[in-house]
Amino acid sequence: MNHEITHDPAFSMLRVDMQPGETLVTEPGAMIAMSNHINLEAKLTIDPSAGVGDKFKAIFAAVVRKFLGGESFFVSHYTTTQPGSVWFSPVMSGSIIHRKLEGNPITLSAGAYCGSMGNINVGVQYGGIKGILAKEGAFFLKVSGTGDLWFNSFGGVDVIDVNGSYIVDNGHLVGYEGDLKFNLKSAGGGLVGMFASGEGMVCEFTGQGRVYIQSRNVSAIVDWISPLLPL
């Protein structure tokens, strides 16, 4: 499977070259262009041969992803009978990151999933009060399986290999993988430092793994724009 990411990091666009028998899954509305013989269907991710119980579970999982994981209820499925290409991009202005999964799960912030090909499962993981305070929401996306995964950020992305502990500002977290746990703490030492530094709460990761951080903070942009809006 060939692909190319262009216009990174500000306005990334992804081209995926498809072969017969392959299925590309993306968030709806992400398509920019495609070869005219490629077939596009909007549907839930349900195996046609699945039993009633499995189909009910798939529908329930889609509902959970929609209302708790920040993802769409439906996804776009692309198939083809001859070689062709699909171009798509995320809503947010930023990077698209490719990750080859081989059974190694990755945890993403809600809304970061962009597309996938292969036996990839996108589930929802409860983040608890830590996720809410970290402004990542109560739920994260847990992506697992084997295949190709693309996810997006707001701004450019850096990848940090962690072995021990590492501090990440909560508004700049895209995702993480490996044997990592995180706790919230003040960036500047107590309540006074938290407010005086302007950094608020940060995520302290411990363990061994990889953290993906983004160069821009959605909440900071919203806070900057809000006073400029008419009442």
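The values are calculated or read from the model by the stated rules, or taken from the named source; none is laboratory data. Bear in mind that the values here come from a model prediction, so they are computed numbers and not experimental data. Heads up, the Cβs are rebuilt from the backbone with ideal geometry, glycines too, and the neighbour counts pull from every protein chain shown.
Name the pairs whose Cβ atoms lie under 8 Å apart, with the first residue in segment 86-97 and over 22 Å from LEU40 (Cα atoms), the second among the small types (Gly, Ala, Ser) and surrounded by 23 or more Cβ atoms within 10 Å (Cβ to Cβ), and 6 or more positions between them or separate chains?
MET92/SER153; GLY94/SER12; GLY94/SER153; SER95/SER12; SER95/SER153; ILE97/SER153
Hey, VAL174 hits all of (1) of a type outside the set (S, T, N, Q); (2) in a loop (DSSP other than H, G, I, E, B); (3) at pLDDT 80 or above but one; which does it fall short on?
(2)
Please work out which one of (1) at pLDDT 55 or above; (2) of a type outside the set (A, V, I, L, M, F, W, C); (3) surrounded by fewer than 19 Cβ atoms within 10 Å (Cβ to Cβ); (4) farther than 24 Å from MET18 by Cβ is the condition GLY94 fails and give its number.
Every condition holds for GLY94 apart from (3).
Restricting attention to segment 94-124, report how many residues are in contact with a Pro (Cβ under 6 Å, 6 or more places away or on another chain) and farther than 19 Å from HIS77 by Cβ.
Selection size over segment 94-124: 1.
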